[in-house]
């Protein structure tokens, strides 16, 4: 385990991305979103991704110089073509636009095609929440999830984030993949030589499996199988519900933008699609009361009777915000493989290591 | 098992509701939504509810004569007070309004407080979809669901329905409770003296249980325990994700409308809250293409390789639309207890039985 100051880590990511051809603004966008993920403890979406971004830029999957283009525009909507630019830059550009529209018209909806991996969805949702607005972020992804009764990964894990501003408290910030667990969880289990519980993934025949290595290998080689939707295998525990939510994310992202669905991504370019929605709660005429009113529910939830053995009931986002506070004080934690890979990258690129 | 013509069943429900004080329009709204549920095979939300509605009207929980009132209004939003009227009538009124706004402005958002049980969410979503629009319906409910690490039912099962129109095919219509299973499933198991699988519900100590009778009794007596969120117990299979989605439904329904959260419902009145959202996909400038583009994904999903033993891969809504076609041809199926209860109701009210 290693600890690094957030600023230094951010500066390093920025330098790497600039070396790959990004200008300052794009490099800063990427650095900020990646380091934010590590600070929140979402290491699967943090600087561990940097090597992959470097490779994607070398392979032409990400164009480090591309500027997003507004294809269609109304007072409440935009359709944006990311032109295969860095996902973080495209997404900050798009969410800013959704926020502007929501401020002017009450609602802003932005659908985006031809972007790339954008990191944590919650980053963009939080941009809206910081302005006192309700924010929604969705993205499709590489095809990793096997829908109910199928044995093929056609859908992405399709993360969704929704946030509501609060008064004198961290926002309510839900940020989740629509698979039961993200791929990163299987990678961790594989590294530790541990079995995974039945209900996370299926093998190439569509049967539940405890072997994370097999699932990851099958996904890499496109042999079939993959992650199960939220609700698990079949319909007994509601797997068809998670499947339905995944389809919706495809329709809002790639559907509305005429972009590529998850099963069509990463052919030549990344071609990832996103959707950003922002709403000003004042359009219901209730601004002040709304925030106070919400607290009644949130307080009732965290103060409810705990089941035996439970120490605390959480609201969504709380764990991550507390991790971030710790990281700001004590430094950002990185595990050995990530740390070593960053150091190697600094040597390869002849950049100073933080 | 009994079979009745939809028209006759509808007419009977209408007569019962009129006898309770509803005018024609309200009685027809209730009859249409209830019978539609039975036609789609969602019997837990069909005419089996009629007795409960009668009781709720007698007890003053539902006011059969109340008219909803528009409290706040903009070109894209309405805040509506249901004045404790019948949920179906309030909801048709509200969804019509959302549709009008979406047709005029691209988007219509309507938040509703002080309503009652509205039947199947999909009914209202379909109203939008029939006009070529994207529809969303949400409602909170009686407190039945136990959130992650708690042992108290604070949240409702909080159904969500989202629909997209299709060309020459039934719409894509997701309609689901955000608990792993609805309460109705436990009632069926209890009636058949069958155990439920672990992952559906917890007992009064917050521990997983296989005993459906105990859970139902605990819920009735407010002793603790209840239904688990989509994703099940704890965080291993994503139970905190289902929990998060339930909170969002509370915030969009009771939050935005300053209504009652699920844990506050059914004190004196029902005080159920809803949310209706409609979007015209043309606001992304892509009307014609959008519908064709969607088909690419939906076709890929249903034609994907099936896991061993699976006969068919479904899209959301397909099963229900096929049931409905059958019911329109052969009549609406009702089980014995429901049939007998309706007959008893007809005797009590001296109404002709269909």
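What follows is calculated from the coordinates using simple rules that are stated; it is not laboratory data. Note that the structure is a prediction, hence the values are computed from the model and not measured. Cβ: placed from backbone, ideal geometry, glycine included. Neighbour counts: every protein chain shown.
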Quick one: compute the contact order of chain A, relative version, from alpha carbon pairs under 8 angstrom and 6+ residues apart, as a percent. 22 percent
Stretch gain in nm, segment residue B:169-residue B:24, where the contour uses 0.36 nm per residue and the Cα spacing is subtracted: 48.9 nm
Once residue A:236 and residue A:344 are pulled to full extension, the length gained, defined as 0.36 nm per residue separation minus their Cα-Cα distance, is 34.2 nm
Exposure proxy check: A:343, B:220 ranked by fewest other beta carbons within 10 Å? B:220, A:343
Between segment B:40-57 and segment A:25-83, the alpha-carbon center distance in angstrom: 50 Å
Using only the Cα atoms of segment B:70-228, what do you get for the radius of gyration and for Dmax, in Å? 18.2, 53
For residue B:335, go 7 angstrom from Cα along the Cα-to-Cβ vector, then report the distances to that same point in the other copies in nm, smallest first. 4.8
Where the centre of each part is set by its Cα atoms, how far does segment B:278-321 sit from segment A:129-188, in angstrom? 21 Å
Given the convex hull of the Cα atoms of segment A:181-227, what is a quarter of its surface area in nm²? 2.6 nm²
Would you please give the FRET efficiency between residue B:220 and residue B:330, computed as 1/(1 + (r/R0)^6) with r the Cβ-Cβ distance and R0 = 30 Å, to the nearest 0.05? 0.25
Please compute the length gained on full extension between residue A:282 and residue A:72, using 0.36 nm multiplied by the number of residues separating them and subtracting their Cα-Cα distance. 72.9 nm
Cα-based equivalent ellipsoid, chain B: semi-axes from gyration tensor eigenvalues, Å: 28, 26, 24
For residue B:354, which inter-copy label distances result when the label point lies 7 Å beyond Cα on the Cα-to-Cβ vector, reported in nm to one decimal and in ascending order? 6.8
Ratio for the protein assembly as shown, C-alpha Rg to 2.2 N^0.38 Å, reads 0.95
Could you grab the relative contact order for segment A:181-227? Cα pairs under 8 Å, six or more apart, rounded to a whole percent. 36 percent
Given R₀ = 22 Å, what would the calculated FRET efficiency be for residue A:8 paired with residue A:192, taking r from the Cβ atoms and rounding to 0.05? 0.15
Run through the other copies and list how far each one's label point is from that of residue A:305, in nm with one decimal, shortest first; the point sits 7 Å from Cα along Cα-Cβ. 5.1
Cα-based Kirkwood hydrodynamic radius, segment B:199-332, one decimal, Å: 19.5 Å
